[in-house]
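As structure tokens, the structure follows; a few thoughts come after it.
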Amino acid sequence: MAHMDDLSIPVSAKYWLRKARVPAAMLSRPIVAASDADGAVLLDLSIAGGQIEAVVPAGASAYDGLPSVDVGGRLVWPGLVDMHTHLDKGHIVDRTTNPDGTFTGARLATIADRGRYWTEQDVRRRMEFGLRCALAHGVAAIRTHIDSYEGQSEISWKVFRELRDAWRDKIVLQAASICPIDLLEGDAGIGLADLVARSGGVLGGVTRAFNEDHSENVTSLDTLLDRLFHLAAERSLDIDLHVDETGDPRAASLIHVADAAIRNKFKGKVVCGHCCSLAVQPDELVRETLRRCADAGIAIVSLPIVNMYLQDRMDARTPRWRGVTLIREMRAAGLEVAIGGDNCRDPFHAYGDHDMVDTFRQAIRIAHLDHPFGDVTRLIGPAPAAIIGAAPFGMITAGGPARLILFSARNLNELMSRPQSDRIVIKDGKRLDAELPDYAELGEELSLAAE
Ligand SMILES: [Zn+2]
């Protein structure tokens, strides 16, 4: 079998990618072919004009004399979907650290950094840096949250609109607003909802009060949720919330969000991120919450890496729980669940590189999504694509884009065991020539100052 370095992706407009091992969960429709222990099938993909023209079992086609490359049964994935990130906060870790690594520390450090540095130029440079990382790693679509506070919103949303247009051919970029839910009251809420609608965005928010952490439900939660759903419905916006990001079981907003969606007969899509506290609530409440979320059609995005980083962090104490929500139980209850990357090199999470393959590998370990792997690859491709409407990205489908990741790994164990930094990203049918940006590009003020 050819070494990765020796594999050459044909440069012609039409060719065959042969013996590609594709997880069945990443196919848009089932294909009858012999599958391995992870449920992956060996396929030949016909590539034409930047699209996937046909998807057939390996060896089923005569190849029509076209150029072809035999990838030797290596894994081939679609370009991935990171449906929950914060590009506007990214890469500030060198200039504004989280003093203690807690959620409170993160919140306060971010407020300080935002007030001091977030000019148009600063936000653009860091967002673009994040996009370039994601592109090189094989991410095809991103939904970023945008800190939407008075004085900041106009700046950041302008940068988002410009980058969405400039990056149109490289990454599908969406944005959702984020601010404490009580800031949606009054004229400020109307102004923000109008800005989001003008920008083609999604109305978001976080189920905690301004200047507070997640704890017991915010006062007048139902009234505030009605307000949010009303603002969204009036403008035909979807909703994307940060919910109960805490290990405090009193934080039980999720069931209220489900009820609000039903009460308001909401027609748009609703997704809730985090939902950490669900994992520490009584079984009875969990069952009822999941039942009502299923009734309301609420989708969930879990952010395992950031949850494990922030949750249960206390001074001089080793964490006792992993911080993640009930991914398996939610899926069993019929909810669509996805995994996202969330924060990258900012006070909420000091590390990361916008790499959904790394997110996948860590999430498997954190949430025990293995033995068997089953259809877990759905959580970073088809599921987030369906939730944010990014299909046909995030899946392999005849007639869809030839946006692929070719790994040296032949199965998920090999993929889990090495970082896959030798992966080949294919975009529009061609090998992508994109390098990770150098940290030095973030500028002088982000250099390695002593703490
Ligand atoms: Zn987030």
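Every number in this text was worked out from the coordinates using simple rules, so none of it is lab data. Note that the structure is a prediction, hence the values are computed from the model and not measured. Methodologically, a virtual Cβ is constructed for each residue, glycine included, from the backbone with ideal geometry; neighbour enumeration extends over all protein chains shown.
Apply the a/c threshold of 1.5 to the C-alpha gyration tensor of the stretch 298-451 and tell me whether it is rounded, prolate or oblate. List each step's numbers first, then the result.
Values: a/c = 1.76, a/b = 1.09, b/c = 1.62.
In terms of gyration-tensor shape, oblate.
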Task: Dimensions (Å) - the stretch 80-388, Cα atoms, principal axes, largest first - done: 49, 41, 41
Task: Degrees, to the nearest 10: 120-137 long Cα axis against longest axis of the chain - done: 40
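Based on other C-beta atoms within 10 Å, arrange 336, 284, 329 from fewest to most.
On the way: 336 21, 284 8, 329 16.
Ordered from fewest to most neighbouring Cβ atoms within 10 Å, 336, 284, 329 come out as 284, 329, 336.
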Task: Label zone at residue 317, where the point sits 7 Å out along the Cα-to-Cβ direction: the stretch 221-264 residues whose backbone N lies under 13 Å - done: 247-248
- [ ] Relative to the longest principal axis of the C-alpha atoms of the chain, give the angle of the C-alpha long axis of helix 283-296, reported between 0 and 90° and rounded to the nearest 10°.
- [x] 70
Open item on the list: I want to check the label-to-label distance for residue 14 and residue 441. Put each point 7 Å from Cα in the C-beta direction and report it in nm to one decimal.
Closed with: 3.7
Task: Summed residue charge, Cβ within 11 Å of residue 187's Cβ, Lys/Arg positive, Asp/Glu negative - done: -3
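From the C-alpha coordinates alone, can you work out the Kirkwood hydrodynamic radius of the stretch 9-106, in Å? Show your work: numbers first, answer last.
Details: mean 1/r = 0.0609 Å⁻¹.
So the Kirkwood estimate lands at 16.4 Å.
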Open item on the list: Using only Cα atoms and rounding to the nearest 10 degrees, what angle (0 to 90) does helix 356-367 make with the longest principal axis of the chain?
Closed with: 70
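So in the stretch 80-388, what percent of DSSP beta bridges are antiparallel if you round to the nearest 5? Spell out each step's value before the answer.
On the way: 2 of 31 bridges.
Antiparallel bridges make up about 5 percent of those DSSP assigns within the stretch 80-388.
Report the full-extension gain for the segment residue 5 to residue 35: residue separation times 0.36 nm, less the Cα-Cα distance, to one decimal in nm.
Values: separation 30, 0.36 × 30 = 10.80 nm, distance 2.68 nm.
Contour length minus the Cα-Cα distance gives 8.1 nm.
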